[in-house]
Each structure stands twice: as structure tokens, then as C-alpha cells.
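Here is the structure we will look at, set down as C-alpha cells.
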Amino acid sequence: MATPESVASMSLDGEIAVIMIDSPPVNALSQAVRTGIYDNVRKAIDDPAVKAVVLMCAGRTFIAGADITELGKPRQGPGLTETQDAMENSPKPVIAAIHGTALGGGLETALACHYRVAVPSAKCGLPEVKLGLLPGAGGTQRLPRIVGVEKALELLTSGEHVPAPTCLEWGLLDEIVPEGQLREGAVAFARRILAEKRPLKRVRDMDEKMIAARGKPELFESFRKANARKFRGFLAPEHNIRCVEAAVNLPFDEGIEAERRLFGELISGTQSAAQRYVFFAEREVWKIPDVPADTPVVPVKKVGIIGAGTMGGGIAMNFANVGIPVTLVEAKQDALERGLSVIRKNYENTAKRGRLTMEQVEQRMGLLTGSMALESLADCDLVIEAVFENMDVKKEVFARLDRIVKQGAVLATNTSALDVNEIATAVARPDAVVGMHYFSPANVMRLLEVVRGDKTSKAAIATAMQMGKKTGKIAALSGVCPGFIGNRILAARTRQAQAMLLEGAMPWDIDKVLYDFGLPMGPFAMSDLAGLDIGWFKETSKSSTVREVLCEMDRRGQKTGAGYYDYDEKRNAKPSPVTEKIVRDFMAKAGNQPRTITEQEILERCVYAMINEGAKILEEKIAIRASDIDIVWINGYGFPVYRGGPMFYADTVGLKTVVEKLREYGPRMGADFTISPLLERLAAEGKRLSEVKNG
Ligand code: 3HC
């Protein structure tokens, strides 16, 4: 158990006291750390030999914020505010010495110091918004006093980490000291302050920028308007904005009161609970019980990708972005050239937006080699197949790879639904075969599903996960089943959406409910975007579903200007009378009397069907833990992070309610619909779904 004495110590460097926090992994402000700082600051103030105080941290970073595991629980020991007051009111200068990241309560602690110095690689930020919160220790009142309203709004609502040189420019830092010499630099700075008899600067007293913004509500209104889409559904951005308004319009202490009240609203709400859960879920998803972190991986120096289409090209960019050479194989010269030129265009567009230099574009393109021969993949350490979704084609590719690629390499398939075990039967080394399921566009979407076959080796899994991490993805491990975690749940939702279509709900009615719930779009808008003709074949089309009829009419989605919706030249969607008539004809044919389906039923049938499928995925041990399923749906399909993902959402609704509703809707949910026994059991026992872990 950490005690104040074990996490904080003080030593004297002449007349300068150096308080050192050492509380791995990130020096978060636990009760012990807060008490440790408080006690030592008091001690330094009382010690006549001390003339100034430096506060710094051991290990990888300065204080990374409040201890998130303690948030929302009853507080023990001195609060952060008391600790800050002790520093801010100290008659001796207190200097924060920053390395790593000063985040949240960490930066707020530094803002209560009289001065701040940092090494060049340090970063500062107030990322509370990402946890559905606002900085609750004066950050919303002190930050704008230094950087002004506009920058403060931007930083508080994005949670961005700002590099030290920019912080210096903005006045958040007073000095940058040489890398690796933080202690010496900070002590020298303290001596200079004393020698120059600089006044004790309290951020709370800096009013100039607040006065300048007073009486200008339009500053806030235009910020709200410009970011309305980004903030849709989230409570925390608006709460942060209101705090800055308070900073501008109220005296400091009243601003602090407003901040405390608004923080209280957020911390007790569901959104922040969901976002804090996701913070830990994002870190846990990498942990695989039987593939520990020290599992040997295949060192990947060269990657081969088969297929230079949208998928293959996007996947290739991930590796080129981190400096790994890629050989892209296509069957035909023109397809290869097209693939490479699309990649170039993507990079050039990024350069146009100022996020890459042309030199970097050329560097990345230089890492890509096109080829029409699988033989050129012989010396690759990782090969990812991204060809047409057809089992026979994939097996043939793998059989050939088996003869060509060096032993020890990882052979991955990007299939989104096919049986990885069956693909592995095509090779004499099934242990090398793993699924790496990217989401389109693969260079943008953060999710990577790593699929573990029955025979996949631990090294292959560890390598695929590590490559995910290296390329900035969030990787979740799935077992083999149709659609794996993500698409299997999507299919369960699609079945309900399609069923309701034939009961009387129009595509736009269903889409609206899911959009309002917080998803980027509903299932029909998503079909129109992806193309209705994925997996549709003209030759075998029998006008047997609404989708088939639409495809036969060449309404294949946005790309043809019409699908479930009609589109104008700017791709704005409008409800389509054509689709409505087709739907009504189908209903008549099926003998269905159209009925009014409430928004509540639409939402519950879609989302509870997802929850039910997720529970089945858990009981079949396809997913390691419920939170992995949430990570998949948040990062692969845009499930609103403030609802925590479908599994966490189920707990906020209450499992008993979910099960009761599924029983009620059951007869309409499809002939083969069944309720997950796990879900029923958890509901009966009053347990939580989001806490389920296998192994
Ligand atoms: N509280 C508790 N645990 C934390 C933590 C925190 N603030 N920050 C990180 N951790 C834990 C992680 O869960 C992880 O644990 P694990 O090893 O058991 O999985 C471990 O520390 C290391 O974290 P990362 O894997 O994220 O390490 P990185 O080096 O990649 O990143 C970091 C370090 C940039 C500091 C990152 O951890 C981070 O962004 N942390 C959260 C920062 C944050 O949100 N601070 C604000 C907190 S809220 C607040 O301060 C309220 C105040 O205003 C009152």
C-alpha cells in the first residue's frame, strides 16, 4: 500500500527544497501522492533554511492527473484544492519541473505553482473531456487566464497535449531547460528567481485576458456552432465551455465554485462513468491471458500485402507510415498502378492539409514496392492477404504462399467473415496463420480485429497485436466465428432493421433513431455508403428482398445517386418514394399489416439484439472480455463512446430490463432468435455484463 512517505520525499539542494514524487506508473494524484505533496510543501515553508521549492517527479512522467480509479469515490486525505492552496499561498516561490506529460490534475497542480519549467520533450494538457469530465481543480479558471479564451476553449474541449515549445510561446511555461537536466535546470531557475527577487506570480490574479473577453458572448457562441457536429451527444464539452464563460464573467473564487458544481454534475453522470470505463478498456484490450507481454514476436522488417485495392492499399499505408517497407502484389499491371496512385493521392491530400511534407510523402512512397509476382514476398516477415472474399480464392493464395514465403513468417488474412481455420488448412504451417481484419478505410479506422484460429501460435498473435500497436491501431482479439466480434453483432442488428422494415418502419425512421442514439449513421445510410451491391450478383438476383430490387433498379447506393435514399449532387440524402413503394409492396406480399413502430421499439430491438449477440460471443469465448466487444464497436462502428459500448450500455439500462424486452419482442425478432443464457443468468443474479471476463 502506497503511503505519503513512500511516494513523496524532499531533499535540499542548498537553499532549494526539491520535492520528488515517485508513484509509478504515472505519478497520478492518489490520496498518498496528494498527502505527500501537501506535507512536504508545508514542511518546506516551515523550514527557515528553504528559500524556494521545486516540485518534480521520478519515472516516466510528471503527474498525469487525478487517479482515475479514485474518481467518483469518497475522498480521503487532503483534496487537490487544499494542496494547491498550500503551494499558491506559499510565501516562498514554488516551481513545477515537468517532464513527460503534465496532464489534468497534474497540470492543474503546476498551474498552482508560481513558475513552470520543462524539458523540450514534455507536453501539457487538460484531457479530462476525454473522460467525460472537466478539470475540477481550477484548470478551467487558470488556463484561460494564461492562454486566453479561444485557446483555452480549444484545449479544454479537445484534450490535446501541447508540446513544451508551444507552451513556452503561450506563457504556460516560463522556461525550457535542457533535456535530461530537469533537476539542475529547475534548481538554477529557482536561484535566478531568488536573485532577481521576482515577485510570486499567482495565475489566479492574472485578469488581463479575462477582462479583454468580457461582454463578448459571441466568442462562445461561434465556438459552439463551429464544433456542433464534433460535440454531438457529449455533455462534457458544453460543461467545459460554461466554465470558461464563468472564468471570464466571475471573480476567481466564484468561477471555482461554478467549476466545482459543473464537475459534480459530470462525475455523477453516466457519460463520464462510460468514458472512464473506456479509458481502462482501451488499455486492457491488449492483454491476452495466455499470451503474456513477453511472448516472443517475429521481428517485422518487411511486409507483403496481396491485393492493392482499397483495403490492401489502406493497409499498406499503415506500415509505410511507421517506416516499414511493403511489397504490394496485384495480379494485373493496371490494377497495381491504380492502387499505388490512389495511395499517392491519399498522401498528397494529407500534405495539402499540412499534415505531411512532400518530402515525407516521397519517403513513404519510397517504402512501397509494386509487384505482380507472389514470389517477391519470399523474404517478408508478415504477409497480409487482402484479396476477394471467397474461400476458394483465399485458400489458393495461402497454398501458394506456403510454398513461397520463408519459414517463421506470419501469414495473415484480412477476411471480414470467412473461417480462418479453414483458410489455415491450405498450408502446412497452420500455426503461422492469423486473421488481421482491418476496417475500411484501413489507413484511417483505428480498429484491427486480430483473429485467433484453433492452431494459431502465440507468436503469430503477439506479432499481429504488436503490429497493431506500432501502426497506431487499437487491436482486439477475436476467436473464429462468422463475422468475428464486430460484424457478427452488426448482422444481429441488421436482421432487426430489415425485419422492422417489413413491419412498417421506413429506412429513414430506423436510421434517425440510431443516429439520435449517437451512432454516425443508421444501417440503411451505411448500406448506401458502402454500396448495396456488396455480395449481390445480377445473375442470381431474384427480386426476393428490398435490397435486391433496389440493386436491380441500379439503385446501388451513394455511388449511383440512389439506394434506400435519393441523393442530390452534394450527396445529401432524402427519403425516397421509390423505396417506400418497394417496401410497401413487400409488406403487402407478405400479408403484413403496417403498424406504427415507436422510436423506443426501433432502438430497443436494434440495440438489445446487439447486446444479446455480444453476450453469446462472450459465452462462446470468442471475446476475452466484455470490454473488448465495446472497444470493437466504439472504434470500428462509431458506437458513442459516452455510452461506453453496447455491453456497458446494457448495464446502464439494467440487464433485467433488457431481458424482459427481448422476451416481449422475441416473437417478432426472427424464427431462430434466442436469448443468450449468459444474459439471462446475469440478469437473474443482478450482475453486470460489462465486467464479464473469460480466463
Ligand atoms: N489514473 C490511474 N491510472 C492511470 C492514469 C490515471 N490518471 N493514467 C494512466 N494510468 C495507468 C494506466 O491505466 C496504465 O495501467 P496498466 O499498466 O495497468 O494498464 C498505466 O497507468 C500506464 O498508462 P498507459 O498505458 O496509458 O501509458 P502511456 O505511457 O502510453 O501513457 C499517459 C501515459 C499519457 C499519462 C496516459 O496514461 C494518459 O493519458 N493518462 C490519463 C491522463 C488523464 O486523463 N489525466 C486526467 C485525469 S482526470 C483529472 O485529472 C481530474 C482533475 O481535473 C481533478
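The values are calculated or read from the model by the stated rules, or taken from the named source; none is laboratory data. If you're wondering where the values come from, they're calculated on a predicted model, not measured in any experiment. Neighbour counts run over all protein chains shown; Cβ positions are idealised from the backbone, glycine included. For accessibility, only protein heavy atoms count, side chains too; no ligands or nucleic acids. Shrake-Rupley method; radii C 1.70, N 1.55, O 1.52, S 1.80 Å.
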Past 22 Å, Cα to Cα, is the threshold; run K130/K216; K406/K458; K542/K581 against it and keep the listed order. K130/K216
Sorting A331, P523, M506 by the position of each Cα along the dipole of the chain (Lys, Arg +1; Asp, Glu -1; all at Cβ), the one nearest the positive end of that ordering is A331
Where only protein heavy atoms count, and the probe is 1.4 Å, what is the accessible area per residue for the range 504-590 in Å²? 52
Contour excess over end-to-end distance, with Cα ends at E569 and D334 and 0.36 nm allotted per residue: 81.6 nm
Looking at the range 499-647, I'd like the Rg to Rh ratio, where Rg is from alpha-carbon atoms and Rh is Kirkwood's inverse mean 1/r. 1.00
Using Cα centres only, tell me the gap between the range 177-225 and the range 103-155 in whole Å. 10
In the structure shown, of K43/K201; K512/K538; K538/K570; K73/K616, the pairs separated by more than 26 angstrom at the C-alpha atoms are K512/K538; K538/K570; K73/K616
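Please compute the Kirkwood hydrodynamic radius of the range 504-590 from all pairs of different C-alpha atoms, in Å with one decimal.
13.2 Å is the Kirkwood radius here.
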Heads up, I need the accessible area for E691: 1.4 angstrom probe, whole protein in place, Å², nearest 10. 120
In whole angstrom, the spacing between the Cα centers of the range 531-561 and the range 1-41 equals 66
Ordering E238, E265, E5 from largest to smallest accessible area (1.4 angstrom probe), what's the sequence? E5, E265, E238
A chain fully extended from A428 to D85 at 0.36 nm per residue, minus the present Cα-Cα distance, gains in nm 116.7 nm
Using the C-alpha atoms of the range 380-498, what convex hull volume per residue, in cubic angstrom, is computed? 103
Considering only protein heavy atoms and a 1.4 Å probe, what is the carbon-and-sulfur percentage of the accessible area of the chain? 54
Can you sort W536, W633 by 1.4 Å-probe accessible area, starting with the largest? W536, W633
How much accessible surface area, in Å² rounded to 10, belongs to the heavy atoms of H239 with a 1.4 Å probe? 20
Eigenvalues of the Cα gyration tensor times 5, then square-rooted: what semi-axes does that give for the range 599-691, in whole angstrom, largest first? 19, 15, 13
Under 5 Å between amide hydrogens, which residues at least 5 positions from V54 or on another chain qualify, with H placed 1.01 Å from N in the peptide plane? A17, V18, I19, I95
Long-range amide H partners of V177, meaning residues 5 or more apart or on another chain whose placed amide H is closer than 5 Å, are A118, V119
May I ask you to compute the full-extension gain from S544 to D454, defined as 0.36 nm times their residue separation minus their alpha-carbon distance, rounded to one decimal in nm? 28.7 nm
With contacts defined as alpha carbon pairs under 8 Å and 6 or more residues apart, what's the relative contact order of the range 289-332 in percent? 43
For the pair R60 and A417, how long in nm is the line joining their label points, each one 7 Å along Cα→Cβ? 4.0
For the range 4-267 the translational diffusion coefficient, Stokes-Einstein from a Kirkwood Rh over Cα pairs at 4 °C and viscosity 1.567 mPa s, in µm²/s, is roughly 71
Quickly estimate the mean residue ellipticity at 222 nm for the chain, helices only: each DSSP H run with n ≥ 4 gives -39500 (n - 2.57), and the total goes over all residues, rounded to 500. -14500 deg cm²/dmol
Which cross-chain or sequence-distant (5 or more) residues have an amide H under 5 Å from the amide H of I306, H modelled 1.01 Å from N in plane? V329, I384, E385, A386
Take the alpha-carbon centre of the range 262-330, take the same for the range 634-670, and report the distance between them in whole Å. 25
DSSP beta bridges in the chain [antiparallel fraction, %, rounded to 5]: 30
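If K225, K538 are ordered by their accessible area, calculated over protein heavy atoms with a 1.4 Å probe, which sequence runs from highest to lowest?
In descending accessible area the options line up as K225, K538.
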In debye to the nearest 20, how big a dipole does the chain give about its Cα centre with +1 on each Lys and Arg Cβ and -1 on each Asp and Glu Cβ? 420
Among A426, F252, A66, which residue has its Cα furthest toward the positive end of the charge dipole of the chain, with +1 on Lys/Arg Cβ and -1 on Asp/Glu Cβ? A426
Which value results when the Cα radius of gyration for the chain is divided by 2.2 N^0.38 Å? 1.08
